[in-house]
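Student: Dropping the structure in here first, questions after.
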Amino acid sequence: MNSLPAGSSRGRALVIPRSGFRTARALRLLLVAVLFCACPPERLPAQDGVKIRFGGGYDSLAPEQQALVRAWHEEYAKITGNQVDPKVGYDNLKLSVRTTFEAVTHALLHTPLTDADGKPLGTALSLVRMVESVHGEVPQTRGDEQFRVYVRLQDDALKRLYECTQFRRTADNGIYHIGYPINFRQQGGAPSIRSNAADCGKASGVEKIVCSSAELRSLDNKLNDSFQQAMARWSKDGADLVARQRAEQRAWLQERVKCAESPESHACLVTGYQRRIVQLQIQSGQLLSPKPVPYTCTGREHEPFTASYYNQTDPPSAVFTSGNRQIVALIARSGSGARYTADNFEYWEHQGEAAVTWSGDKFTCRPIR
């Protein structure tokens, strides 16, 4: 039985590729159960005199919560073609992911919304159209980078949030929740819920392109997952390494802007995201390192050339090393043989011989058996 992919990001995350909801005002909402976040399940406060425990299995969820889990898995099946039983998929998630999902959705389910005249506006959970990802606990990361749920909102969600008395619009938060500036905070109640939303209809530039594409939104979430997991690993090796990697990420974001301005912006962004995700996974040791394959190259016998193939990445990738140069390349379409490409790099192997182009240098290599 296949299981849904779980990663680690701003917190532990389950990220599922989404198909596009092509409304002019597609919305994303970030939900955070603030009081819950700092507490493991066994320390959560009692509600109405009854001690609540979260993090159980699918069968312990309310019907409304199970419906969200089923829709989540159905969307995954549409995009990937892999059928995953919702109960099996949910029960195999990490404990902190299940706990986060159940605690946040439980709080939303038990938060009725009313306007100033007392007119019912549904529950806070009825604002949610579909779950996109769930981030649980990741050690050595800030509280604002974990215990959160990303969802797709109903078309009238912001309207109801403005009208209801249970949530109040506060100052925009563009520091800790980049991309989700519209800030609402629950008025009273426990646990307190903070929500941050993004209106894709008002986004601009590269954010608008990403926001309007299901494929790019999925890759954006996956990149955040990989980056935060990488930072958690790098933080153990000192502040200098963390600073260098943050600078490298800022440089990549600038390249992303250039990509968005290119004629083939969508294809450029997809490739850019895929390559950056693989780079982060490999550089931070998130993947098992395969044994490098040594090559002998015509006219370059003095300079070792190796290839390490990461077939478990999506798409498959390889790290090529020649002397003091190293590059991560993604597998590419070819009429025959194995072809990997990156900026100013191409490796094309056919019938045991590889043609390599690297920053203008062209040479041929054969694997050493």
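Student: Using the structure shown, decide if Ser235 is without any contact (Cβ under 8 Å) to a residue 12 or more places away in the chain, out of contact with any Leu (no Cβ under 7 Å at 6 or more places or on another chain), farther than 25 Å from Thr321 by Cβ and of a type in the set (Ser, Thr, Tyr).
Tutor: no
Student: Among helices (runs of 4 or more DSSP H) lying entirely in segment 33-118, which contain 2 or more residues that are over 21 Å from the mean Cα position of the chain (by Cα) and either outside the structural domain of Gln166 (by TED's automatic domain parsing) or modelled with pLDDT of 85 or more (or both)?
Tutor: Counting at least 2 such residues, we get 63-80, 86-91, 95-109.
Student: Has segment 327-348 got any residue that is under 30 Å from Arg250 (Cα atoms), among the aliphatic types (A, V, I, L, M) and in contact with a Leu (Cβ under 8 Å, 6 or more places away or on another chain)?
Tutor: yes
Student: Output the residues belonging to segment 348-369 that are without any contact (Cβ under 8 Å) to a residue 12 or more places away in the chain and among the acidic types (Asp, Glu). Please lay out each step first, then the result.
Tutor: Filtering segment 348-369 for residues without any contact (Cβ under 8 Å) to a residue 12 or more places away in the chain gives 355, 361-362, 369.
Asp361 - this is the single residue of segment 348-369 that is without any contact (Cβ under 8 Å) to a residue 12 or more places away in the chain and among the acidic types (Asp, Glu).
Student: Please determine, by comparing only the residues of segment 119-150 that are at pLDDT 80 or above and within 30 Å of Ala232 (Cα to Cα), which one is farthest from the chain's Cα centre (by Cα).
Tutor: If we take residues in segment 119-150 being at pLDDT 80 or above and within 30 Å of Ala232 (Cα to Cα), then Met130 is farthest from the chain's Cα centre (by Cα).
Student: Considering segment 298-347 alone, what residues qualify as being among the basic types (Lys, Arg) and either in contact (Cβ under 8 Å) with a residue 40 or more places away in the chain or under 14 Å from Asp361 (Cα atoms) (or both)?
Tutor: Selection gives Arg300, Arg325.
Student: On the basis of being surrounded by fewer than 13 Cβ atoms within 10 Å (Cβ to Cβ) and outside any loop (DSSP other than H, G, I, E, B), does Gln312 make the cut?
Tutor: Working: surrounded by fewer than 13 Cβ atoms within 10 Å (Cβ to Cβ): yes; outside any loop (DSSP other than H, G, I, E, B): no.
When the stated conditions are applied, Gln312 does not pass them.
Student: Separate question: Just to be sure before I move on: is Glu301 touching a Lys or Arg at 6+ places or on another chain (Cβ under 8 Å) and of a type outside the set (A, V, I, L, M, F, W, C) in the structure I sent? Before you say what the answer is, go through the steps one by one.
Tutor: On the way: touching a Lys or Arg at 6+ places or on another chain (Cβ under 8 Å): no; of a type outside the set (A, V, I, L, M, F, W, C): yes.
For Glu301, the condition - touching a Lys or Arg at 6+ places or on another chain (Cβ under 8 Å) and of a type outside the set (A, V, I, L, M, F, W, C) - is not met.
Student: Let me confirm something: among Gly323, Gly299, Gly238, Gly285, which residue is modelled with pLDDT under 90, in contact with a helix residue (DSSP H, G or I) (Cβ under 9 Å, 6 or more places away or on another chain) and surrounded by fewer than 18 Cβ atoms within 10 Å (Cβ to Cβ)?
Tutor: Only one candidate qualifies: Gly285.
Student: Condition first: at pLDDT below 65 and buried (at least 19 other Cβ atoms within 10 Å of the Cβ). Now tell me which residues in segment 181-228 satisfy that.
Tutor: Once the filter is applied, which keeps residues that are at pLDDT below 65 and buried (at least 19 other Cβ atoms within 10 Å of the Cβ), segment 181-228 yields Pro191, Ile193, Arg194, Ser195, Asn196, Ala197, Ala198.
Student: Does segment 163-178 hold any residues that are modelled with pLDDT under 85, surrounded by fewer than 21 Cβ atoms within 10 Å (Cβ to Cβ) and farther than 29 Å from Glu75 by Cα, and which are they?
Tutor: Arg168, Arg169, Thr170, Ala171, Asp172, Asn173, Gly174, Ile175
The values are calculated or read from the model by the stated rules, or taken from the named source; none is laboratory data. Small disclaimer: the values here were computed from a predicted structure and weren't measured. Here the Cβ is made from the backbone with ideal geometry for all residues, glycine too, and neighbour counts use every protein chain on show.
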